[in-house]
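Take a look at the structure set out below.
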Amino acid sequence: MMLRCRALVYGRRLMMKSLLQTNVVVLALLSGMTLACGPTPPPGVGGAGGVGGTGGSGGSVEHPCTPKASQTVVIGDSYINWVSHSFPTDMARVAGETWRMYAIGGTSMGSGGIGLIPDQFDRALAADPDIKTVVMTGGGNDVLVCDGVRWPNCASCKNGSIAEPCPSIVQTALDRAEQVMQKAASSGVRDVVYFFYPHVPNGTLIGGTNPNNILDFALPKVKALCDSAASKTGGRLRCHFVDMIPVFANHPEYFVSGDIHPNSLGSAAMAQAIWANMRTNCVSQKSGCCQ
């Protein structure tokens, strides 16, 4: 009889202990505590919409890797390819690989210049259509080397004016840039990295008396175009905007003296800013954030 009572008491104690442990677990879960009940899940394995949600900090790995350097192409104007700086070399150094270069100094996006940047993308596709990332700039020469036949008085745009024909020149460039993005999305490109110009020195031979007025007019429009790329392409293409104004701010030494173009110090700073953006957004990466 005594043994039976002791067994019953022991059994009740075990039951109470189990209930207490269960309550501790429930309370811990409700209070957000982490219990040492097994290995902690790796970052990105959290529930949907939480820490592991797409695009969140520590989110699930979803963006595809870009295993080949040839899958990234570069198009644009003299801010990419010019004798005053070393941007292609700077970009290769920070990225650890050399991308396909199609940029030509003096080219424009929609009008003016000595050629068109959209044609550079066409040449890249013709050479090898396996393209996943496009790094680009453009639109400056539409104003600086404007089409005076199509846009009479267009020289006023680099001398401080934002009256017509300046808005029409900017809109033409925006329309062509959007066409490039649509074509890129249809061709299998996943990402565009669009960097835009810094505030440049006033009173230069190429830049005119005040080109920054039209730059400030165009910049938010270019950014809006870039930001809308995902929605306009049905999620096929992401566009990442890199503003060079803060990169060059308070750094007059980044420019060639008496010129609007960067020197090698400026192009190195540009490459760093672009690569930082690409790493943050998992663009042209081979491991880590991608699969």
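Readers should treat all values here as calculations from the given coordinates under stated rules, not as data from a laboratory. This is a predicted model, so every value here is computed, not measured. A quick note on method: Cβ atoms are made from the backbone with ideal geometry, for glycine too, and the neighbour counts reach across all protein chains shown.
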Using the Karplus curve 6.51 cos²θ - 1.76 cosθ + 1.60 with θ = phi - 60°, what ³J(HN,Hα) values do you get for each residue of the stretch 226-240, in whole Hz, with x for Gly and Pro? 5, 5, 8, 4, 4, 5, 6, 10, x, x, 6, 10, 9, 10, 10
How many nm is it between the label spots at Ala155 and Lys286, if each spot is 7 Å from the Cα in line with the beta carbon? 5.1
The stretch 148-291 - percent relative contact order, Cα under 8 Å, separation 6 or more: 24
Just want the ordering: Val135, Val83, Val145, from fewest to most Cβ atoms lying within 10 Å of their own Cβ. Val83, Val145, Val135
Which ³J(HN,Hα) values in Hz, rounded to whole numbers, follow from the phi angles of the stretch 163-169 under the Karplus curve 6.51 cos²θ - 1.76 cosθ + 1.60, where θ = phi - 60° and Gly and Pro get x? 7, 4, x, 4, x, 5, 5
Mind giving me the nanometre distance, one decimal, between the label points for Ala230 and Ala276, set 7 Å out from Cα along Cα→Cβ? 2.2
Rounded to the nearest 5, what is the percent of antiparallel bridges among the DSSP beta bridges in the stretch 116-255? 10
Say the cut-off is 25 Å between C-alpha atoms; which of Lys158/Lys223; Lys68/Lys232; Lys158/Lys183; Lys132/Lys232; Lys223/Lys286; Lys158/Lys221 go over it? Lys68/Lys232; Lys158/Lys183; Lys223/Lys286
Potential extension, Ser168-Glu62 segment - 0.36 nm per residue separation minus Cα distance: 34.2 nm
Over the Cα atoms of the stretch 85-214, each weighted equally, I'd like the Debye log10 I(q)/I(0) at q = 0.19 Å⁻¹, rounded to two decimals. -1.10
Length gained, Val83-His251, 0.36 nm per residue minus C-alpha separation, equals 58.5 nm
